[in-house]
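The values are calculated or read from the model by the stated rules, or taken from the named source; none is laboratory data. Quick caveat, the model's predicted, so the values are computed rather than measured. Because the Cβ atoms are built from the backbone with ideal geometry, glycine has one as well, and the counts that use them run over all protein chains shown. Please note that ligands, DNA and RNA were not included when accessible areas were found on the heavy atoms of the full protein model with its side chains. Shrake-Rupley method; radii C 1.70, N 1.55, O 1.52, S 1.80 Å.
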Amino acid sequence: MAFLAFTSFEFLLCREHFLSVNALKDMNLDLSHGLLMLDVCCNGFWRARISDYLVERAKKCLEFCETIYIIHLFICLFYEGWPSAMAWWVVNISGFAVMALLGEYFGMRREL
């Protein structure tokens, strides 16, 4: 259920930016690339809030985040192939870190 909530919402928003391996390939720091990076990191905050309600335990949040991003990687593999752009990896790993850390933080606050 959680997989469908994240991927369908992400797919409907902007399929080309989220699933395109080449969206960040030519990194020249223009406004569109900067906004895409900011969007992925800010979405980590909202994903953490949603995962806090779906997972309901701080200890399970890391595994949930890993699952979401591994599924995202496989969808990207089927969509355009292996992501070779370093910027793609940096953006997705930073989004994962934001989601995992904030998800555990929100989960710990809820458990107290």
Based on what the data block shows, is residue 58 open to solvent by less than 30 Å² (accessible area, probe 1.4 Å) and part of a loop (DSSP other than H, G, I, E, B)? yes
Within the stretch 76-86, which residues are hydrophobic (A, V, I, L, M, F, W, C) and open to solvent by less than 20 Å² (accessible area, probe 1.4 Å)? 76, 85
Within the stretch 75-112, the count of residues that are among the acidic types (Asp, Glu) and touching a residue at least 60 places away in the same chain (Cβ under 8 Å) comes to 1
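Conditions tested, residue by residue: (1) outside any helix (DSSP H, G or I); (2) under 10 Å from the mean Cα position of the chain (by Cα).
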site: 70; (1), (2): no, yes
site: 76; (1), (2): no, no
site: 79; (1), (2): no, no
site: 83; (1), (2): yes, no
site: 87; (1), (2): no, no
site: 92; (1), (2): no, yes
site: 99; (1), (2): no, yes
site: 103; (1), (2): no, no
site: 108; (1), (2): no, no
